[in-house]
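S.K.: Before I ask anything, let me first share the structure, which is written out below as structure tokens.
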Amino acid sequence: ASTKDSEQAILDAIEHQFQLDNDALLKISGQFLEDFRLGLGQYNHPMAMIPTYVTGVPNGSETGTFLALDLGGTNLRVCEVQLQGNHEFTLRQQKYRVSEALKTGEATALFDYLADSVDAFLTDNASSPTNAPADPFASGSSLDFMDSGLNSAIPLGLTFSFPVEQTALNEGKILTWTKGFSAKNAVGHDVVGLLQDAFDRKHLHVRCVALVNDTVGALLSRAYSAGDCLLGAIFGTGTNGAYLEKVENITKLGNSAARKHGGHMVVNCEWGAFNNTRTTLPTTPFDNKLDRESINPRLQAFEKFISGMYLGEITRNILLSLVDAAPHPLLFNGRASRELNQHYGLDTAVMSEIEEAWEKGRGTASGADGVEGGSAINTLGASGSEPKVNGSQPHFTHVDELSHEDQSRLERIRSVIIQRLSMDAADVSLRDAAIVRWAASLVANRAAKLSGCAVAAIMAQTGFAKLGGQHVPEEQRFVIGVDGSLIEHYPNFNARLRESVRALIGEEVEKRIELGMAKDGSGVGAALGALQATKHG
Ligand code: ADP
């Protein structure tokens, strides 16, 4: 029994490090607000609060056809977007892989590849017989913007999801790379210029007219399809958010024309860099190991707690510590597979699969727990309708006492582990399966709660809520557009995020938040950015 007790103590100590009580959440959201204020006032704050020069959100009546290019996640995408008015659009897209060599080589090679991809897309689509009648590129003359004096170059919106200090809708310097990119001779350069130069080198008749971030894209596209949207947020490879701010609050714009113009402007928070100063988030040794071994130590600190690129790695670090536990291994008979030993060898999608295998048997939850996907408005996932996320897990040490149903759920998890991590079946017990699920849920639960801190801080920043929970009386719905595999697919991520928002700003406001997927947000958002650019000149 004493061995069991000491094993339990190790697990409890880990669990304890991942807990966040409501006071901790409030402190974190409070720090967010403080950082927002500092970032709106100065140009070199880690919370970059980047003015995007996007000065309003669409209402769904916009029309036009645009090219969009999306770089910043796992894939590069080229799309043709037709905005039809009536909140609807059609989109044709092609994905291209960005190799490690391109991510880390010379910037010109990367941007040449972007231009080649656009070229390939145009060639493929121009020659596609199914598109022939309506294809705006086949004739080269049917695009809406053709009258706007751009010499019939095809207007393209670029979704570039890295920190950029924007100086106009079509101009911005790359501040730093994130998410595994590190191409040389790009930081400090105008990203639109780099792309346009590549188009020009290849004599492509395409003009990059707008530069938006994926968060801005999520905001614009959700506004287009669902009406007033106050925040666009990404929970995918990385995490970030953009919201509509009063220009008078963006004090670092000084006496510029944009500031004098007043009104509203979308601000890209770059909240992935929250806590780069390492003062607010309770950091575990598993986080420190990840950070130390990352290509950007001490940077994107918040993102490293939250996003798809990192959650699997934090979990892997926990599992390895249990494999190596002394004096007795606590997991897998002390053995690890090649995958488990490999840096980033445990994909967040595998955690998702493990939690899904558990949830399936419970009959209440599904993968996309209430994140609205279509254009219809509902409040699925608001308070009351989500599954309980904490109370129902059996304690992982007592697998012998589990019900038959729970055992079969653990069997499913066990197969996922054996398959996805190429483990020797003899080394994976049901208890191991329970421990792996426990570790995954600790990491994902913390990520979702911290994500809720960012969302609640935006609600407070925009004056729609107060931290601590006094509600703002008027009846209003709050539309938030989200994108990313984590929020779309990870079981209970949305419910856990909402639970944290509820704790921070109260149920009255939380239940009126409509969190919906910004479908094809990057492509549609870039098109809407391009539309704004062509309108303005
Ligand atoms: P991006 O943000 O690059 O546009 P995604 O939103 O698809 O793309 O996010 C990709 C990230 O999400 C990867 O880090 C991957 O590990 C993770 N991921 C992929 N599928 C899932 C899933 N089903 N559940 C949770 N995370 C996932």
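S.K.: Hey, LEU253 hits all of (1) more than 16 Å from the ligand (Cβ to nearest atom); (2) in contact with a Lys or Arg (Cβ under 8 Å, 6 or more places away or on another chain); (3) within 22 Å of MET459 (Cβ to Cβ) but one; which does it fall short on?
M.R.: (3)
S.K.: Give PHE89, PHE18 a once-over and let me know the one that is modelled with pLDDT of 95 or more, hydrophobic (A, V, I, L, M, F, W, C) and assigned by TED's automatic domain parsing to the domain that holds LEU486.
M.R.: PHE18
S.K.: Of all residues in the stretch 74-89, how many are out of contact with any Gly (no Cβ under 6 Å at 6 or more places or on another chain), of a type outside the set (S, T, N, Q) and either touching a residue at least 40 places away in the same chain (Cβ under 8 Å) or closer than 14 Å to VAL118 by Cα (or both)?
M.R.: 6
S.K.: While we're on this one: Quick test of your reading of the structure: TYR96 fulfils all but one of (1) of a type in the set (Ser, Thr, Tyr); (2) away from the ligand (no atom under 16 Å from the Cβ); (3) assigned to a strand (DSSP E or B). Name the failing condition by number.
M.R.: Here TYR96 clears every test but (2).
S.K.: Show the residue pairs that are 6+ apart or on different chains and have beta-carbon atoms under 8 Å apart, the first residue being within the stretch 186-207 and in the same structural domain as THR167 (by TED's automatic domain parsing), the second being polar (S, T, N, Q) and crowded, with 20+ Cβ neighbours inside 10 Å.
M.R.: Every condition considered, the pairs that remain are VAL192/ASN170; ARG207/GLN196.
S.K.: Name every residue in the stretch 517-533 that is buried (at least 23 other Cβ atoms within 10 Å of the Cβ) and in a helix (DSSP H, G or I), in order of residue number.
M.R.: Residues satisfying the conditions are GLY521, SER522, GLY523, VAL524, GLY525, ALA526, ALA527, LEU528, GLY529, ALA530, LEU531, ALA533.
S.K.: Could you check ILE458 against (1) within 16 Å of the ligand (Cβ to nearest atom); (2) at pLDDT 95 or above; (3) touching a Gly at 6+ places or on another chain (Cβ under 7 Å) and say which number it fails?
M.R.: Of the numbered conditions (1) within 16 Å of the ligand (Cβ to nearest atom); (2) at pLDDT 95 or above; (3) touching a Gly at 6+ places or on another chain (Cβ under 7 Å), the odd one out for ILE458 is (1).
S.K.: Please name all residue pairs, on different chains or six or more residues apart, with Cβ atoms under 9 Å, provided the first residue is in the stretch 235-251 and is among the hydrophobic types (A, V, I, L, M, F, W, C) and the second residue is within 15 Å of the ligand (Cβ to nearest atom) and in a loop (DSSP other than H, G, I, E, B).
M.R.: Sorted first by the residue in the stretch 235-251, then by its partner, the pairs are PHE235/SER307; PHE235/GLY484; PHE235/TYR490; ALA242/ASN213.
S.K.: Hey, among LEU76, LEU11, LEU110, which residue is assigned to a helix (DSSP H, G or I), buried (at least 16 other Cβ atoms within 10 Å of the Cβ) and either within 16 Å of the ligand (Cβ to nearest atom) or under 23 Å from the mean Cα position of the chain (by Cα) (or both)?
M.R.: Among LEU76, LEU11, LEU110, only LEU110 is assigned to a helix (DSSP H, G or I), buried (at least 16 other Cβ atoms within 10 Å of the Cβ) and either within 16 Å of the ligand (Cβ to nearest atom) or under 23 Å from the mean Cα position of the chain (by Cα) (or both).
S.K.: I'm trying to understand the selection: among the residues of the stretch 50-66, which are over 15 Å from ASP214 (Cα atoms) and either touching a strand residue (DSSP E or B) at 6+ places or on another chain (Cβ under 8 Å) or of a type in the set (Val, Ile, Thr) (or both)?
M.R.: Passing the criteria: THR55, GLY56, GLU62, THR63, GLY64, THR65, PHE66.
S.K.: Now for a separate question. I'm trying to understand the selection: among the residues of the stretch 270-281, which are part of a loop (DSSP other than H, G, I, E, B) and either under 21 Å from TYR344 (Cβ atoms) or in contact with a helix residue (DSSP H, G or I) (Cβ under 7 Å, 6 or more places away or on another chain) (or both)?
M.R.: PHE274, THR280, LEU281
S.K.: Give me a count of the residues in the stretch 53-73 that are within 16 Å of the ligand (Cβ to nearest atom) and either modelled with pLDDT under 95 or farther than 13 Å from PRO155 by Cα (or both).
M.R.: Number satisfying all stated conditions: 4.
S.K.: Is there a residue in the stretch 307-317 that is within 16 Å of the ligand (Cβ to nearest atom), more than 20 Å from ALA457 (Cα to Cα) and assigned to a loop (DSSP other than H, G, I, E, B)?
M.R.: Within the stretch 307-317, not a single residue is within 16 Å of the ligand (Cβ to nearest atom), more than 20 Å from ALA457 (Cα to Cα) and assigned to a loop (DSSP other than H, G, I, E, B).
S.K.: I've got another one for you. Is it the case, given these coordinates, that VAL118 is on the phi < 0 side of the Ramachandran plot, touching a residue at least 12 places away in the same chain (Cβ under 8 Å) and within 16 Å of the ligand (Cβ to nearest atom)?
M.R.: No; evaluated as a whole, the condition is false for this residue.
S.K.: Can you pull out every residue in the stretch 221-247 that is within 16 Å of the ligand (Cβ to nearest atom) and not in a strand (DSSP E or B)?
M.R.: SER221, ARG222, GLY236, THR237, GLY238
S.K.: Tell me yes or no: at least one residue of the stretch 329-342 is aromatic (Phe, Trp, Tyr), away from the ligand (no atom under 16 Å from the Cβ) and in a helix (DSSP H, G or I).
M.R.: Looking for residues that are aromatic (Phe, Trp, Tyr), away from the ligand (no atom under 16 Å from the Cβ) and in a helix (DSSP H, G or I), one finds at least one in the stretch 329-342, hence yes.
Each row is one residue, and each column tells you yes or no for (1) of a type in the set (A, V, I, L, M); (2) out of contact with any Phe, Trp or Tyr (no Cβ under 7 Å at 6 or more places or on another chain); (3) buried (at least 18 other Cβ atoms within 10 Å of the Cβ).
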{"residue": "GLU80", "(1), (2), (3)": "no, yes, yes"}
{"residue": "PHE89", "(1), (2), (3)": "no, yes, yes"}
{"residue": "VAL98", "(1), (2), (3)": "yes, yes, yes"}
{"residue": "LEU102", "(1), (2), (3)": "yes, no, yes"}
{"residue": "ASN125", "(1), (2), (3)": "no, no, yes"}
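S.K.: Also, quick follow-up: Could you check the stretch 282-306 and list, in sequence order, the residues that are outside any loop (DSSP other than H, G, I, E, B) and either under 24 Å from GLY72 (Cα atoms) or within 16 Å of the ligand (Cβ to nearest atom) (or both)?
M.R.: Correct list: ASP287, LEU290, ASP291, ARG292, GLU303, LYS304, PHE305, ILE306.
S.K.: Which ones in the stretch 157-177 are in contact with a strand residue (DSSP E or B) (Cβ under 9 Å, 6 or more places away or on another chain), outside any strand (DSSP E or B) and within 16 Å of the ligand (Cβ to nearest atom)?
M.R.: SER161, PHE162, PRO163
S.K.: Separate question: Got a sec? Which of GLU475, GLU514 is charged (D, E, K, R), part of a loop (DSSP other than H, G, I, E, B) and more than 16 Å from the ligand (Cβ to nearest atom)?
M.R.: Selected residue: GLU475, the only one of GLU475, GLU514 that is charged (D, E, K, R), part of a loop (DSSP other than H, G, I, E, B) and more than 16 Å from the ligand (Cβ to nearest atom).
S.K.: For the stretch 497-515, enumerate the residues that are surrounded by 24 or more Cβ atoms within 10 Å (Cβ to Cβ) and touching a Lys or Arg at 6+ places or on another chain (Cβ under 6 Å).
M.R.: Those that are surrounded by 24 or more Cβ atoms within 10 Å (Cβ to Cβ) and touching a Lys or Arg at 6+ places or on another chain (Cβ under 6 Å): SER500, GLU510.
S.K.: Which residues, counting only those in the stretch 38-47, are touching a Gly at 6+ places or on another chain (Cβ under 7 Å) and either surrounded by fewer than 23 Cβ atoms within 10 Å (Cβ to Cβ) or modelled with pLDDT under 95 (or both)?
M.R.: Once the filter is applied, which keeps residues that are touching a Gly at 6+ places or on another chain (Cβ under 7 Å) and either surrounded by fewer than 23 Cβ atoms within 10 Å (Cβ to Cβ) or modelled with pLDDT under 95 (or both), the stretch 38-47 yields only HIS45.
The values are calculated or read from the model by the stated rules, or taken from the named source; none is laboratory data. All values derive from a computational prediction rather than experimental measurement. Counting neighbours? That spans all protein chains shown, and the Cβs are built from the backbone with ideal geometry, glycine included.
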